[in-house]
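Inspection log for the structure reproduced underneath, given as C-alpha cells.
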Amino acid sequence: METFTIVYDTREHETEKLQQRLKSFGCPVVRKKLPFGDYSAFCTLPSGEIFSLEDRVCVERKEHFDELASCYTSQRARFTREFERAKEAGAKLYLLVEKASWEKAYSGIYKSKMTPQSLIGSMTTWFARYNCSPLFCQPDTTGKLIHDVLIKEMREALIHYDYVPAAKGSDHPGPVH
C-alpha cells in the first residue's frame with residue numbers, strides 16, 4: 001500500500017512528541033481537520049480515486065487517564081458531541097490512552113479525583129455506546145500502534161469495497177468475487 005497516508009487532526013498540538021509520533025508512522029502524513037477523532041487514513045487507488053477512512057475509522061488519542069477523566073467530567077458535553085458525530089456516521093472508533101492499563105484503571109493509579117469505578121464505568125459505557133475499542137500503550141508505541149490499526153482497517157475496508165491489491169507480478173488490481 002504505497003499510497004497509504006495517515007491524516008492527523010488540526011487540533012493535535014504541535015509538539016516534539018507529535019513530531020516523533022508522526023515520524024514513527026513510517027508513511028506520509030497530512031494535517032487536516034477531521035470530523036471526529038485525532039487520526040485516520042486514506043490511500044490513492046490505481047484508478048486515481050482517493051479512498052478515505054476519515055468518516056469510517058478513527059483513533060482518538062489521550063495522553064493518560066487524567067486527560068480521559070477530564071473528557072468524562074468537565075469536558076463531557078464536547079466529548080459526547082464528537083462521539084455522537086462518529087456514531088451518526090457509522091464510524092468505528094479506537095480510544096487510545098497512553099501510559100494506561102486496565103490494572104491502573106482498576107487500582108486508581110492516576111491523579112484525577114474520578115474514582116476507578118466511575119472511570120471504568122464511563123469507559124465501558126463509551127465502548128458499548130459508540131462502537132469504540134480500547135487501546136492502551138506507552139507513548140513510544142503510540143505511533144506504531146496507530147499505523148498498524150489504521151493500515152489493517154484500510155485493508156479490510158478495501159476488501160469490502162470490492163478492491164484487492166494487485167497480485168504479485170501484476171499491475172492490475174482485481175475485484176473480490
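Each reported figure results from applying straightforward, stated rules to the coordinates on display, with no laboratory input. Since the structure is predicted, the reported quantities are computational estimates derived from the model, not experimental observations. Positions of Cβ are backbone-derived with ideal geometry, glycine not excepted, and every protein chain shown enters the neighbour counts.
A few notes on this one:
- When ARG61, ARG56 are checked against the criterion of being surrounded by fewer than 19 Cβ atoms within 10 Å (Cβ to Cβ), under 20 Å from LEU135 (Cα atoms) and in contact (Cβ under 8 Å) with a residue 40 or more places away in the chain, a single residue qualifies: ARG56.
- When PHE25, PHE36, PHE4 are checked against the criterion of being within 17 Å of CYS58 (Cα to Cα), more than 14 Å from the chain's Cα centre (by Cα) and not aliphatic (A, V, I, L, M), PHE4 stands alone in meeting it.
- Residues of the stretch 78-131 satisfying the condition of being assigned to a helix (DSSP H, G or I) and within 17 Å of ARG56 (Cβ to Cβ): GLU82, PHE83, GLU84, ARG85, ALA86, LYS87, GLU88, ALA89
- Whichever residue in the stretch 64-84 is farther than 24 Å from LYS144 by Cβ and of a type in the set (D, E, K, R) and, among such residues, is surrounded by the most Cβ atoms within 10 Å (Cβ to Cβ): GLU82
- Within the stretch 102-146, restricting attention to residues that are under 23 Å from GLU12 (Cα atoms) and either touching a Cys at 6+ places or on another chain (Cβ under 8 Å) or hydroxyl-bearing (Ser, Thr, Tyr) (or both), the residue that is surrounded by the fewest Cβ atoms within 10 Å (Cβ to Cβ) is SER133.
- Residues (under 15 Å from LEU95 (Cβ atoms) and of a type outside the set (Phe, Trp, Tyr)) located in the stretch 108-130: LEU119, ILE120, GLY121, SER122, MET123, THR124, THR125, ALA128, ARG129
- Of residues in the stretch 39-53 being among the small types (Gly, Ala, Ser) and under 16 Å from GLU153 (Cβ atoms), the one surrounded by the fewest Cβ atoms within 10 Å (Cβ to Cβ): SER52
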